[in-house]
Each structure stands twice: as structure tokens, then as C-alpha cells.
1. Being under 30 Å from residue B:245 (Cβ atoms), within 14 Å of chain A (Cβ to nearest Cβ) and of a type in the set (A, V, I, L, M) is the filter here, so list the residues in region B:276-305 that pass it.
2. Quick check on my filter: what residues within region B:201-239 are closer than 22 Å to residue B:68 by Cβ and either in contact with a Lys or Arg (Cβ under 8 Å, 6 or more places away or on another chain) or of a type outside the set (Gly, Ala, Ser) (or both)?
3. Within region B:93-119, can you find the residues that are buried (at least 21 other Cβ atoms within 10 Å of the Cβ) and on the phi > 0 side of the Ramachandran plot?
4. Give B:178, B:159 a once-over and let me know the one that is away from chain A (no Cβ under 14 Å), farther than 26 Å from residue A:125 by Cβ and part of a strand (DSSP E or B).
5. Any idea which residue in region B:350-382 is nearest to the other protein chains (Cβ to nearest Cβ), counting only those that are closer than 20 Å to residue B:200 by Cβ and free of Cβ contacts under 8 Å to residues at least 60 places away in the same chain?
6. In region B:383-427, what residues are over 22 Å from the mean Cα position of the chain (by Cα) and free of Cβ contacts under 8 Å to residues at least 40 places away in the same chain?
7. I need a count of the residues in region A:106-143 that are in a loop (DSSP other than H, G, I, E, B) and among the hydrophobic types (A, V, I, L, M, F, W, C).
8. Before we move on, is residue B:30 facing chain A (nearest Cβ under 8 Å), buried (at least 19 other Cβ atoms within 10 Å of the Cβ) and more than 15 Å from residue B:277 (Cα to Cα)?
Number of protein chains: 2
Amino acid sequence: MLERARILDEGDPLKEYRERFLVPEGVIYLDGNSLGCLPRATPARLEQVVREEWGSDLIRSWNSAGWIDLPARVGAKIAPLIGAQPHEVIACDSTSVNLFKLISAALAMRPGRKVVLSEPGNFPTDLYMIEGLAKQGLAERRLAPRETIADALGADVALLMLTHTHYKTGELFDMAALTRAAHAAGALVLWDLSHSGGALPVDLNTCEVDFAVGCGYKYFNGGPGAPAYAFVAERHQEAAQQPLTGWMGHAAPFAFSDDYAPAAGIDRMLCGTPPILGLAALEVGVDLIAEIGVERLYAKSQALSEFFRQCLSESGILALSPSGERVGRGENEPTQHDSPSPQPPPLKGRGSALDLASPTDPSRRGSQLSFRHPDAYAICQALIARDVIGDFRDPDILRFGFAPAYLRFEDMVEAARHLAEVLASGEWQKTEFSERAMVT
Amino acid sequence: MLERARILDEGDPLKEYRERFLVPEGVIYLDGNSLGCLPRATPARLEQVVREEWGSDLIRSWNSAGWIDLPARVGAKIAPLIGAQPHEVIACDSTSVNLFKLISAALAMRPGRKVVLSEPGNFPTDLYMIEGLAKQGLAERRLAPRETIADALGADVALLMLTHTHYKTGELFDMAALTRAAHAAGALVLWDLSHSGGALPVDLNTCEVDFAVGCGYKYFNGGPGAPAYAFVAERHQEAAQQPLTGWMGHAAPFAFSDDYAPAAGIDRMLCGTPPILGLAALEVGVDLIAEIGVERLYAKSQALSEFFRQCLSESGILALSPSGERVGRGENEPTQHDSPSPQPPPLKGRGSALDLASPTDPSRRGSQLSFRHPDAYAICQALIARDVIGDFRDPDILRFGFAPAYLRFEDMVEAARHLAEVLASGEWQKTEFSERAMVT
């Protein structure tokens, strides 16, 4: 496989872009869907923002360096990557806060309806933000498994709110079909693009989506806790009002009026003073992803993940082969291992086989592959100890993201080899269980 | 005055701290109450966060670099500076978003009462956040002039929400007395410390305050749009629940449960993923202010502002002298000027005299002095053109902040001289009116 990987890397049209990121030597980073790598241009840009714009020009930079326009400017750059018009997207706050704004706006636009419909197992913060509004008496949360969502779109549903690419499995929703179904039921739609934006083509306007949010620190490489973004379709911008009516969303913030009047357009989704350091770093990441192009990125990520799956299949550790047959070792079957350490205790779970938790069809998933294993946490830790960084999601998901701007096919071979070695050796059973904090 | 200033600077116990900030050569910066200066330690710390923690250690830094603890860690460092216990403060989101959280929490704790009482002319975002909740049907906004606030504390008031140091005039509220009055009326109290925190001693717990918020980018020198902070008194932490129930406020965020359960203590005030770049920069600023100490800072800022007022008085441009008599030039009285430019048009307003808009007693104001003049905007622009940076607040306020960690008495003499020259020359009348964006 290594030979084939090198040929694929040689012919990779994106190969030059790896150099545009700081990828630590010796690390195979399969967690760009949690925290994207550092673009090499970011430190210099931040240095400029800090030393020149803040340090030397101080308060004047709100005008002279265009700080005041950063949320709209970065939003406008994200817009074409998610199928939106530049004036329909703004970069601000966190994904969670933006969810609250847009759920609230949607509820106010559907008086008499209180249900916000989502699926169980959606990313927690999405579900929790509905609960926050429910506790205020403003919303009612309804969760329906994804197969039954269309049927659950009753006349009481104000908003259908789903995550386009599932954070655990990578499974994609059919955005066009579900948006149509929601509209047919008189509901509005909000898509969380956190695991889609910057990773795969999204066509918000073609799908006639009403609202969307997304994350800046994953595939947009904006840095830890980067600002998020919010999309409001042009046709709703006059009607959509959100309750976090901070001064930056005012029509004339510097008039310092006692009374709130929402800004025209997407600006009314702003709340407090924009976080300039975070926005400046995010802009660098977005510029780089825009330069590469999401179509090319998605094509390569599909190729990478399929190649990784083949590597695992050939190692015999994938319980479910692409054709559907189980090829892994059986339950409780101890394995030989070549670890120099003492014989590990018997495997806890079903043995060294992994179950694919993602769709086998790459067009039905985002830039990731997930696997189930009862010892997923410990396996993940053992991989990290080998500098192969994926992540764990409770209770049993081992998740690998394929950020194609900086990953090589060779990395897939190496990652698969490490994973096979870890599983064969049982070395993960010696891993200490410690903190589990890994921000998705 | 210059001679006296130099003696004062020589004896200034804080004089060494100016070197700990990057104060641009030739600039007299009287706007640290809008955006604090850059601490010299900040660029290196950010470089470390970006290159090492993000770039090299990537996702692992949530644990290994303590990113996940940053909101609590920075909050705990702010706490003693505002009279709180370490576990009562958390750094997160913007002041506006934190206002929304705490107003909501307070309303939920006072069922049957809907009024949030504040004063007209409070900082706009504070008033707007009440409006946001009012529009949701959850609050009723009542504004009473500050002299009548205690009388307006009826049985329908859930929350008294005031800004401790007024952003325009610098006037201080009596925190202890008003908190007592609110409690006597059965209401809770929320203090906005944006113009107090890091500038003057605040005793939240001595005053038995319930809630507070504050800003990170002013006297804490956290950088443009730095994260804000929120305080919840220990006795309320069990009962206080806020509607922005994001995953970071969950009792077990990494269990990825569908159902929200608030974290114990102040952590439940968190919402989305913490903004690490902003928090790291804020921490440097807070550390520096903590090292200097707010008592010493406030003592010096009072001395600076009093000295500045004397300089202005001696220049004859202060309409109201410390003793209350008008010493400025009269209405419409043209002045001589030594500007090389052509004779300016007659003065628009009352002439070159400034009215003090701040309390004359320094113990009744924060670290600022404000003046009224009909041409305040243009005067401010003319000063900025001379690298004397104060700011303008609609409609007629010229505002000077005295961030004492990096200002010298000599700067007061120079700033007063420039102001006198600008007023005498009328040069501001040639200033182009352009953008007014200056973030408070």
C-alpha cells in the first residue's frame, strides 16, 4: 500500500498545500475535524494585528485596520464556500450562541408553533440550546430518529434543526430533501454546518435553506475556540430578529441611543464587541481554504478516507468490509502481539476488530470515518501515544478526520499500520484513563 | 506645570510599569478605558499559544496546555480584583452575552416579577439586552434617572441592573447603598463593571452583590474584543440557571448526553467552546494589573485626573473650575490662535470653553474625566491628529481615560497643552467628519 500511496501523493493536485500548514514532524493528524492545523501564515498575521494594529495604532484600528468590518468581511469570505451570498453570512460569537440567536429568530417568525425538531444524538450543544429556550417557555424540543424526521414534521413544528454532517459518524443528511419537507410542513430550517463548512460543498441557497451556523476552528483552521458563523437567507433578513440584541447589532451603534433598532441585513445577528484576535486568525484559515476550493478538498478527502478503509481492510481489523462481510477477528479472540511489554490482559471487548460506524458510500459521509469498539477510548489514547491523533467520542467511537489540505495518502498507510499494531498488541489496555476533554 | 509633573513622575511608585506596556512613541493615550494598551508580554505569550500549543500540540493542548481551564483560571485571577472569590468569576463570551445570561438567570429566580430596572443613558448594550428579553416576553424594561432609582424599586422589580462607573461621565454609583435598597425591595442586583474592573477597587462580596459582568479589553488590557467576565455570588450558584445552555456549561460535556444538566458552580455560565487566543491575551493583561494592584492604580488615576483638571484650569479652558466658578472664555468669544493655517471660521458652539461632565470629587468618579462641548467630535479628531488619543461619545462628550499603569503626569501637561491649542486655534473646525466608529 505504501508504494501505491506514494504514487497517489505524487499525483495529488493539492500536494503543495501541505507546506502552507505547520504539520508537526512525525505526527499523523486525523483530528482536523476537531481542531484544524495552524496555517503557516497565521502567526505573522497575528503578530501584525497584535503589535501594529493593537500595539501601535490602538483604538484607531477599529477604523484604520477595518476591525469593525471583520465579522462581515470574514463572513463574506465563508459565504461562497457554503453556497451563500456574501451579505448572508457573518462571523461572530460561538456556534452555540449563534444557534440560540437563530432558533429564537425562527420561533418568532412562526407564531403559534413552538416545536423545534431535531434528532437524538445530534451534537449536544445543538440540543441543549433548544432546551435553554424550552426552559424559557419559548420552545418545545422534539427529537425523532433520522429515518422518521420527515414524518415528525407536524403542523406544530416551527423549525427543523439538524447537523448536516454528523459529528460522530460523519453521515450526511440530504439537505435539499429535508429542507423541502420542512418547508412543505410550514417549518423553517436551520442547518449546523460545523462538520461540513470548509470540508465539502454546501449549497445553502440552492437548497433554499433559511438559517445555518457553523464552526471556525475545524476545517476552516481558525484556531482553538475561533469565532463561528451565522447565515440568514436574504429573504428573511428583514423579518429575522434575535434576542441577543447587543450594541453591535444596532442600526447605529455609535449613536448610543437608549433604544434598540436592529441593523439592516445580517449585521443584526451581531451582539457584543467582535473578538479581533480570533477573527484575524480565522480569516487566514478561511482564505487558505477558499484558495484551495471545497470541491477539490472534498474529492481528496473522499479518496483519503476510502484509501484508509482499504488499508484497514487489508490489515484485517475492519469488522465490516466494504462489501459487507466481517473480516475482523472474532469476539474475545486473543491476538498475538509484538509489543516488548508483558503479555496484556485479555481484550475487554469483542477483540481487535473495528466496526465501521460511518456510511460505506463516501458520497453519504463528510470528511471522516468513525469506528466502534468497546475500548475505543483506550485505543485512541494508545494511538495518540504513537503520535497518531484521532479522537474518541463517548461511549465507543474512534473518529478519524481527513483534513485533505495537509494529509497525504502515505499518512493513511502509516495510521492504519499503527492502528493495526495497537489492536494486535493490546497495548491500549495499559493506557491510563485520565482526562477525556477533547473539544470536538 | 511641567516641572511639577516631572517631580510627580519621579516619585510615582508605579513608574516602572510603563515599560511593561508598549506605549507608542509620541502618543499620549487617554483611551485605555476603551482599548487598553498592549502589555509587552502579550506577543510572546500569543506566539507560544499559536506556534506551540496550537501548531505543535494541536488538539492535545485542551488538556496539556490547560485550555479547557482557561475561562475558570482567568476568572479566578480577576476575582480578587473585584472583591469576589476565585470560584465566583468566569471569563467568557462578550459583556453583552453575559448580560443576557445573568438577566435571564435573575428573572427566573424572581418568578412573578418581570421588571428590570436601569437608568436612561446606561451603556446601550446593557439597555438593549433587557429589550431583547422584553421582546421575548420575559422582561419589562424600566428606566429611572439615577436620583430616583431607589424610589423606582417597586414590588415588580426582579433585577436592578446598573453600570458602576458611567461610560460617559465616569460617575460612580454607590454600589453598597443601591444593592441594599434593591435587596430591601426583594430584587436582585447586577452590576456592570466594564469601566470599573481593573481601574478601581470593587467589593462585590462586601456589598453583597448578586451578579456582575465586566469587560476584558479596557483596564484589563486583554486586546480588541477580548472575552468578558461574569460573576455569580456563591449563594446563588445553585439556583442561577441561564438559557444559553451550551455544551461547555454542561456538568459532563464530554459525555455527549442529549440532555442538559448544568455544571456545578460558575461553570454553568459557560456556553460554547472558549476562545483561546482571546483568553490567553486577556490572562497576560489581568496578571499585570493584579501585580500592580487596583488600589495603587486607582490612587494614581485619581492623582492623574486631578492634575489634568488643574492643567486645564490653568489654561483657562475649563468652564467650571474645581471650586465651581466658570473660568473659561465666554460664549462666542473668538480666540487668538497661533496655527499657521488661515483664520478659522467662527467657533460653532459656545466658544473654546469645556464643561466638566464628570463629578469634581475624584472619589465619586472612575478613572476618567469627560467634558461637554458642542464640537466635541471635531475636537477629538483634531487631538487624534496630534497623537493625543481620547474619544468622543455622542452627542457632545469628549472623554479622557487615565489608565494609570502606563500614563505619566508629564502626559497630562502635554495633553492639556494640545487641548488648549486645539481649542484656541479652532483647527478642529477643519477636521473632516468621517467614520465615528470607536469602540467603547
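Quick note: the coordinates plus some simple rules give every number you see, no bench work behind them. Just so you know, these numbers come straight off a predicted model, no measurement behind them. Cβ atoms come from the backbone with ideal geometry, glycine included; neighbour counts cover every protein chain shown.
1. B:276, B:277, B:279, B:280, B:281, B:282 - these are the residues of region B:276-305 that are under 30 Å from residue B:245 (Cβ atoms), within 14 Å of chain A (Cβ to nearest Cβ) and of a type in the set (A, V, I, L, M).
2. If we filter region B:201-239 for residues that are closer than 22 Å to residue B:68 by Cβ, which is where we start, we get B:216, B:220, B:222-223, B:225-232, B:237.
Residues satisfying the conditions are B:220, B:227, B:229, B:230, B:231, B:232, B:237.
3. The answer is B:93, and nothing else.
4. Exactly one of B:178, B:159 is away from chain A (no Cβ under 14 Å), farther than 26 Å from residue A:125 by Cβ and part of a strand (DSSP E or B), namely B:159.
5. Here the answer is B:356.
6. Selection gives B:386 alone.
7. Total satisfying the criteria: 3.
8. Criteria not met by residue B:30.
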